[in-house]
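Data first, discussion second: the structure below is written as structure tokens.
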Amino acid sequence: MITKIKNKANKLLAIFDLEKLFVNSGNVFLRRVLGLVLSFLWIMLTTNLFGAEVFGLVSLGQMFISFGAMFFGLGLDTAIVKLGSTHDHYFKGVLQSNFLKKSIILTFVASLIFGVLLYFFKDLIAIKVFNNQKFSNYLLFISVFFFMFVLHKTTASFLTVQEKFTKFGNYYFFFPNLLILICVLIAYQFKLPGYYIILGFLLSYGIFGLILLFSFFNIPLNIKKNISYKSILNLSMPMMISASFLFISNWTDTFMLGAMVSKSELGVYNVAFKLASLALVIIASVNTVLAPKIAKLFTDNNIEGIKREVQKATKLITWVAFPLVMILILFRTKILLLFGDEFVIGSQTLFIISLGMLFNAMSGSVGQVLNMTNNQKQFRNFTLISAFINVLLNFYLIKSLGIKGAAIASLISNVLLNTLCIIYIKKTLGFFSFFKFKY
């Protein structure tokens, strides 16, 4: 009798935990979707009010900002989640070490170095590399205000440690895109040059980064541990390399297609890839909630707890991602027709990429598991292998199959990376992270 009661209690607790995960992830997901809608709106306004050339330069500026933040952010946004989720550094709302202060200082110094370098080489990059003198003005604003963008990325990550997921969704996705939309309208109203849009982009993130930074001054302190800059970087740098190579790997196909196929085929591939990548929004939303949980459980040496949380997250991701991917696969031709008749040739490409995204979803949050359990160096190695294979496959397959070859390369490298992670997690932590129909 007692055993039956315990079993029922455990089942109810599991359902409650899953509902809590669903609610927290749903809050992040909703605000991420709202942010995407606002992003789409300000892009439409930019193209219609300022023209294709300005939007092209704004997009190029965004690429510089993204690459700069990836490398000169030093992986500190992920390291903060890992450190802040351990009792030695942050416990019951009280800072136990100076990790947050030193992480922000490292962020500030690294971003300033990037800004200074960009300032002195802006004309060379604009004229010699892109053959566009106007782009120099965009790079000028990026060089001066880049630190604000990276500051936002770093400070916002600490909100997940505090389990303020709704606030994180607002500050990371919703509010900045809303402010960018307003900045585009202001630039048009006052007839400002197009490069003021990139200024608005940087300030829209930077303002909320500064708000968060000043709010951290109110966090209670009980400093018992002094962590060195070296220790923080030893943790964060492998995470930075992993994230950078994942980022590069995702852009490799686009870059190589741009050099090897027509611009119309490249446009078709990009639309197919962005459609399939909608599944990543779900994965990223759940990972935001999951990462600090894994780090806390690992600190307590609760491997069974990690297994339970990861498998619940995998189940939730699959339940939501599977129907979305099926819609993309089954109605891919009709969906692509919404973008124009010429996009129908991307039907098979969308099918192949969607399969890769589905495998990604069903594999579970493998990257978060490895990063939060002191296996960040192994994850870095797996991303390096995957990125190298992706480049090779793209080179050979695009020649013979065009955009379908790029899609196949993306699928294979995606499956390879997730499979390596799944095997390593089983070997080191003793459980499989991928989706099962019954746990």
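The values are calculated or read from the model by the stated rules, or taken from the named source; none is laboratory data. It should be emphasised that the depicted structure is a prediction, and the values quoted were computed from it without experimental measurement. Every residue, glycine among them, receives a Cβ derived from its backbone with ideal geometry; neighbour counts consider all protein chains shown. SASA here: full protein model, heavy atoms, side chains in, ligands and nucleic acids out. Shrake-Rupley method; radii C 1.70, N 1.55, O 1.52, S 1.80 Å.
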Listed residues K134, K427 arranged by accessible area, highest first, probe 1.4 Å
K427, K134
Rounded, prolate or oblate for the range 140-183? Axes are the square roots of the Cα gyration tensor eigenvalues, ordered a ≥ b ≥ c, and the cut-off for rounded is a/c under 1.5.
oblate
Please report, ordered by residue number, every helix of the chain (full DSSP H runs) that is 18 Å or longer along its axis going by C-alpha atoms and whose mean Kyte-Doolittle hydropathy reaches 0.5.
2-50, 52-72, 99-124, 135-161, 175-189, 195-215, 229-260, 278-299, 303-330, 347-363, 376-401, 403-429
Of the accessible area of the chain, computed with a 1.4 Å probe and all protein chains kept, carbon and sulfur make up a percent value of 69 percent
Indicate the gyration tensor shape class of the range 282-439 (rounded, prolate or oblate), computed on the Cα atoms with a ≥ b ≥ c the square roots of the eigenvalues: a/c under 1.5 is rounded; otherwise a/b larger than b/c is prolate and the rest oblate.
oblate
Cβ under 12 Å from L74's Cβ, L74 left aside: what net charge do those residues give with Lys, Arg +1 and Asp, Glu -1?
+1
Gaussian network model of the chain, Cα within-10 Å springs - most flexible of F50, F190, F174
F190
Centre separation in Å (Cα based) which lies between the range 134-194 and the range 92-117:
19 Å
For the chain, whose charge dipole is built from +1 on Lys and Arg Cβ atoms and -1 on Asp and Glu Cβ atoms, the candidate among G51, L118, I227 with its Cα farthest towards the positive end is I227
Could you point to the residue in I65, Q376, I182 farthest towards the positive end of the chain's charge dipole, with +1 and -1 charges on the Cβ of Lys/Arg and Asp/Glu respectively?
Q376
Calculated SAXS-style log₁₀ I(q)/I(0) at q = 0.11, 0.17, 0.20, 0.28 Å⁻¹ - the range 151-222, Debye, Cα scatterers:
-0.33, -0.65, -0.80, -1.20
Take the Cα radius of gyration of the chain and divide it by 2.2 N^0.38 Å, with N its residue count; two decimals is plenty.
1.00
At 37 °C in a medium of viscosity 0.692 mPa s, the range 110-208 has a Stokes-Einstein diffusion coefficient, with Rh taken as the Kirkwood radius over alpha carbon pairs, in µm² per second, of 225 µm²/s
What does the helix-only formula give at 222 nm for the chain: each DSSP H stretch with n ≥ 4 adding -39500 (n - 2.57), the total divided by the residues, and the result rounded to the nearest 500 deg cm²/dmol?
-27500 deg cm²/dmol
Determine the dipole magnitude for the range 271-418: charges of +1 sit on the beta-carbon of Lys and Arg, -1 on that of Asp and Glu, nothing else is charged, the reference point is the Cα centre, and the result goes in debye to the nearest 20.
180 debye
What is the dipole size for the chain, taken about its Cα centre, with +1 at each Lys and Arg Cβ and -1 at each Asp and Glu Cβ, in debye to the nearest 20?
1380 debye
Limiting things to C-alpha atoms, what are the Rg and the maximum Cα-Cα separation (Dmax) for the range 353-415, in angstroms?
13.3, 42
Given contacts defined as C-alpha pairs under 8 Å and at least six residues apart, what's the relative contact order of the chain, whole-number percent?
19 percent
With a/c under 1.5 counting as rounded, go ahead and sort the range 34-120 into rounded, prolate or oblate using the C-alpha gyration tensor (a ≥ b ≥ c being the square roots of the eigenvalues; past the cut-off, prolate if a/b is larger than b/c, else oblate).
oblate
Within the set K101, K404, K82, GNM on the chain using Cα springs under 10 Å gives the largest fluctuation to K101
Mind telling me which of T78, T155, T419 comes out most flexible in a GNM of the chain, alpha-carbon contacts under 10 Å?
T419
